[in-house]
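Scroll down for the structure; my scribbles are underneath it.
The values are calculated or read from the model by the stated rules, or taken from the named source; none is laboratory data. Quantities reported herein were computed from a predicted structural model and do not represent experimental measurements. When we count neighbours, we look across all protein chains shown, and the Cβ atoms used for this are built from the backbone with ideal geometry, even at glycine.
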Amino acid sequence: MSILFHTKLLNKKHKNGLTIIFLHGFMENMNIWNEIVNILSIEYNIILIDFPGHGKTPFVEKQIPQILTMENLSYSLELYLKNNNITKAFFIGHSMGGYVALALAEKYPERFLGLCLLHSTANSDSEEKKKYRINSIPMIINNYSLFVTRSIEKLFNFNKFHSFKKEINYLTKIALSIPINCILAMIRGMFIRKDRRHVLQNTTFPKLYIIGSYDSILKKELLIEESKIGYNTCYKEIPTGHLGPIENPKYIVQILQNFIYNKIL
């Protein structure tokens, strides 16, 4: 199944320069990267992508199955790369965007100059997480706005939650614009997501975990241990929750610049 993504290219003048592809997370869109790419686009080619139903990519129910898997999304991403003659790039994946990048890396590792898993994991869902996803489906169907409110509240550093009212309202607006059937399809896709820790071990390109000290979605201790099993893999801990691109974009820019310059920290 091929999905046409809405994309945005920044810094077109560097056609032969290094390309960075940003993949947003669940219930987000490409705009979460704005502050980061405004800086990085001075030097690099930047490609931003909206996943189905997110941002300006429509969710066409007749063309998209009830379960939208990471493989579905990575297949369409590969076609986009092929059709646009992009042979290699750095990939930055936030949360679900990291899952998609790993699915792509499993089949097409030659596409990768490097991979940053930003508040993301190569592991499959734990039984506890699977139970949460299944139990959230009735709420999504019956009271989607409540599901959005509760979900977004968990994404920020709880110690600074009240400092992000504007950002919370903005993310809520983004999430509420996404069709419910799209949300359900992606929930199911993440539920059946494969364990891809072997990708960390079997690929030679550099891999970086950016881990939030106050991330209540993905526990830092588990991500640190996961990063240690990878080949040419390292991690950087930052004082944020699950939304580093919103909470501390300038710090993430510094980390990404070092990663790209040095290929590994």
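Figures for the structure shown
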{"quantity": "Matching entry among Y209, Y251, Y261 (being of a type in the set (F, W, Y) and at pLDDT below 95)", "calculated": "Y261"}
{"quantity": "Qualifying residues in the stretch 58-106 (those that are assigned to a helix (DSSP H, G or I) and among the acidic types (D, E)) - the one farthest from T240 (Cα to Cα)", "calculated": "E78"}
{"quantity": "Filter result for I211 (closer than 14 Å to N157 by Cβ and either in contact with a Gly (Cβ under 9 Å, 6 or more places away or on another chain) or touching a residue at least 60 places away in the same chain (Cβ under 8 Å) (or both))", "calculated": "yes"}
{"quantity": "Options D195, D215: the member that is more than 14 Å from C116 (Cα to Cα), under 15 Å from the mean Cα position of the chain (by Cα) and among the charged types (D, E, K, R)", "calculated": "D215"}
{"quantity": "Pair list, Cβ under 8 Å, 6 or more apart: the stretch 70-92 residue farther than 21 Å from S120 by Cβ, other residue hydroxyl-bearing (S, T, Y) and buried (at least 21 other Cβ atoms within 10 Å of the Cβ)", "calculated": "I86/T19"}
{"quantity": "Qualifying residue in the stretch 25-41 (condition: aromatic (F, W, Y) and modelled with pLDDT under 95)", "calculated": "no"}
{"quantity": "Y80 being farther than 19 Å from A185 by Cβ, modelled with pLDDT of 90 or more and not basic (K, R)", "calculated": "yes"}
{"quantity": "Enumeration of residues in the stretch 213-234 that are touching a strand residue (DSSP E or B) at 6+ places or on another chain (Cβ under 6 Å) and buried (at least 20 other Cβ atoms within 10 Å of the Cβ)", "calculated": "L223, S227, G230, T233"}
{"quantity": "Test: residue in the stretch 54-73 that is modelled with pLDDT of 95 or more and farther than 25 Å from D215 by Cβ", "calculated": "yes"}
{"quantity": "Residue check, L223 aliphatic (A, V, I, L, M) and touching a Phe, Trp or Tyr at 6+ places or on another chain (Cβ under 9 Å)", "calculated": "yes"}
{"quantity": "Members of the stretch 27-55 that are farther than 19 Å from L113 by Cβ, among the charged types (D, E, K, R) and either assigned to a loop (DSSP other than H, G, I, E, B) or touching a Pro at 6+ places or on another chain (Cβ under 9 Å) (or both)", "calculated": "E28, E35"}
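Residue by residue, here is whether (1) in a helix (DSSP H, G or I); (2) in contact (Cβ under 8 Å) with a residue 40 or more places away in the chain; (3) out of contact with any Ser or Thr (no Cβ under 6 Å at 6 or more places or on another chain) holds:
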{"site": "R150", "(1), (2), (3)": "yes, no, yes"}
{"site": "L155", "(1), (2), (3)": "no, yes, yes"}
{"site": "K160", "(1), (2), (3)": "yes, yes, yes"}
{"site": "C182", "(1), (2), (3)": "yes, yes, yes"}
{"site": "I187", "(1), (2), (3)": "yes, yes, yes"}
{"site": "L218", "(1), (2), (3)": "no, yes, no"}
{"site": "E226", "(1), (2), (3)": "yes, yes, yes"}
{"site": "C234", "(1), (2), (3)": "no, no, yes"}
{"site": "Y251", "(1), (2), (3)": "yes, no, yes"}
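Let's see how each residue does on (1) in contact with a Lys or Arg (Cβ under 6 Å, 6 or more places away or on another chain); (2) crowded, with 16+ Cβ neighbours inside 10 Å; (3) modelled with pLDDT of 95 or more:
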{"site": "L118", "(1), (2), (3)": "no, yes, yes"}
{"site": "R150", "(1), (2), (3)": "no, no, no"}
{"site": "N159", "(1), (2), (3)": "no, no, no"}
{"site": "T172", "(1), (2), (3)": "no, yes, yes"}
{"site": "L184", "(1), (2), (3)": "no, yes, yes"}
{"site": "I187", "(1), (2), (3)": "yes, yes, yes"}
{"site": "R193", "(1), (2), (3)": "no, yes, yes"}
{"site": "R196", "(1), (2), (3)": "no, yes, yes"}
